[in-house]
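Participant: Dropping a structure here in structure tokens format, bear with me for questions.
The values are calculated or read from the model by the stated rules, or taken from the named source; none is laboratory data. Nothing here was measured: the structure is a model prediction, and the numbers come from that model. Every residue, glycine as well, gets a Cβ built from its backbone with ideal geometry; the counts of neighbours run over all protein chains shown. In case anyone asks, the SASA skips ligands and DNA or RNA and just uses the protein heavy atoms, side chains included. Shrake-Rupley method; radii C 1.70, N 1.55, O 1.52, S 1.80 Å.
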Amino acid sequence: MPASYAYLGPEGTFTEVALRRLPEAATRELIPYVSVQSALDAVRAGEAEAAFVPIENSVEGGITTTLDELVAGEPLMIYREVLLSITFALLVRPGTRLTDIKTVSAHPAAQPQVRNWLRANLPEAAWESAASNADAARLVQEGRYDAAFAGEFTAARYGLEALETGLHDAENAQTRFVLVGRPARPAAPSGADKTSVVLWQRDDHPGALRDLLGEFASRGINLMLLQSRPTGAGIGNYCFCIDAEGHIADRRVAEALMGLRRICLQVRFLGSYPRADIAPDGARPTLPGTSDEEFMAAADWVARCQDGRF
């Protein structure tokens, strides 16, 4: 497997900045790709060891392009995550004034994060989506659009200047990025982990979602993300992308996944990996009755009952 990481490019994206925060990135060739799909396909095709892509932001929720790519196609697995605080700059060709701007561009996930600023300052400007924020800057450089929302650090790379900086509608906005590779054995539990899965219901009936969530709730597992995505099989047909606290090596998580495997049409395991938001000593304590020791003690009790040793 090539010692390279694919990432959402071109150079100068927030994705590249977040990727370079991974210590192992210093030992890999970092290759920009034009889209999330092409970066993940590079991993599936064996052209890259892993891909680094955005998956969630704190303003708009899940990045649907990434979620849909992980839901469909040849299975992939998440190994790491990185959180990056996001603020935008309005990048323009030198000499451009605010009153000159008729078109603006950025990745679709950026629009909800600057919507109010745009309405207040450029109400007549037409929005044009780009494959990434850095790609929008490149298109401004080429004269396709008048301005781009991107990181201030992107300006020098494309010969632009920042007309406005520190732009965001929500304070402390963050984007979550994940390192995705081919399926393999998950890393050992860190003490503060997250497990990601995709669930498909067997059929649509009253309480169906409650039944799925009950497998987590009954074992004291907190959910961190729950997002429905259409399956493509018609209106009303959805699968559910879920992030849950814990690691598949934890007994409570393993038993929840076994329960889901029994009642779901399909379960896709997307990985167990260290959380980026807390250190192991800051992890939420397990609820009474949900520790590995208590699960093992309960299993031992059942075994003794079966042997007539109770």
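Participant: Within region 58-88, restricting attention to residues that are in contact with a Pro (Cβ under 6 Å, 6 or more places away or on another chain) and modelled with pLDDT of 95 or more, which residue is least open to solvent (accessible area, probe 1.4 Å)?
Facilitator: Met77
Participant: Of all residues in region 169-219 being within 18 Å of Leu260 (Cβ to Cβ) and among the β-branched types (Val, Ile, Thr), which is surrounded by the most Cβ atoms within 10 Å (Cβ to Cβ)?
Facilitator: Going through the qualifying residues, I end up with Thr195.
Participant: Any residue that is closer than 19 Å to Thr15 by Cα, aromatic (Phe, Trp, Tyr) and either open to solvent by less than 70 Å² (accessible area, probe 1.4 Å) or over 20 Å from the mean Cα position of the chain (by Cα) (or both) - is there at least one of those in region 118-138?
Facilitator: No; the residues of region 118-138 include none that is closer than 19 Å to Thr15 by Cα, aromatic (Phe, Trp, Tyr) and either open to solvent by less than 70 Å² (accessible area, probe 1.4 Å) or over 20 Å from the mean Cα position of the chain (by Cα) (or both).
Participant: Among the residues of region 89-108, what is the count of those that are closer than 12 Å to Asn57 by Cβ and in contact with a strand residue (DSSP E or B) (Cβ under 6 Å, 6 or more places away or on another chain)?
Facilitator: Of the residues in region 89-108, 1 are closer than 12 Å to Asn57 by Cβ and in contact with a strand residue (DSSP E or B) (Cβ under 6 Å, 6 or more places away or on another chain).
Participant: Output the residue which, of all residues in region 214-245 that are in a helix (DSSP H, G or I) and in contact (Cβ under 8 Å) with a residue 12 or more places away in the chain, is nearest to the chain's Cα centre (by Cα).
Facilitator: So the residue we want is Phe216.
Participant: For Leu91, are the conditions met, namely being modelled with pLDDT of 95 or more, in a strand (DSSP E or B) and open to solvent by 30 Å² or more (accessible area, probe 1.4 Å)?
Facilitator: For Leu91, the condition - modelled with pLDDT of 95 or more, in a strand (DSSP E or B) and open to solvent by 30 Å² or more (accessible area, probe 1.4 Å) - is not met.
Participant: Kindly indicate the residue of region 259-275 that is surrounded by 15 or more Cβ atoms within 10 Å (Cβ to Cβ) and in a helix (DSSP H, G or I) and also modelled with the lowest pLDDT among those meeting that condition.
Facilitator: Ile263
To keep it simple, each residue is scored yes or no on (1) at pLDDT below 95; (2) under 27 Å from Asn57 (Cα atoms).
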{"site": "Asp211", "(1), (2)": "yes, no"}
{"site": "Phe216", "(1), (2)": "no, yes"}
{"site": "Thr231", "(1), (2)": "yes, yes"}
{"site": "Ala249", "(1), (2)": "no, no"}
{"site": "Leu257", "(1), (2)": "no, yes"}
{"site": "Pro280", "(1), (2)": "yes, yes"}
{"site": "Pro288", "(1), (2)": "yes, no"}
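Participant: If you don't mind, there's one more thing I want to ask. Could we say that Asp281 is in a loop (DSSP other than H, G, I, E, B), acidic (Asp, Glu) and out of contact with any Phe, Trp or Tyr (no Cβ under 6 Å at 6 or more places or on another chain) here?
Facilitator: No, not satisfied.
Participant: Quick one: how many residues across region 2-35 are open to solvent by less than 50 Å² (accessible area, probe 1.4 Å), free of Cβ contacts under 8 Å to residues at least 40 places away in the same chain and among the β-branched types (Val, Ile, Thr)?
Facilitator: Counting residues in region 2-35 that are open to solvent by less than 50 Å² (accessible area, probe 1.4 Å), free of Cβ contacts under 8 Å to residues at least 40 places away in the same chain and among the β-branched types (Val, Ile, Thr) gives 1.
Participant: Against the condition assigned to a strand (DSSP E or B) and open to solvent by less than 60 Å² (accessible area, probe 1.4 Å), how does Ser38 come out, does it pass?
Facilitator: In short, no.
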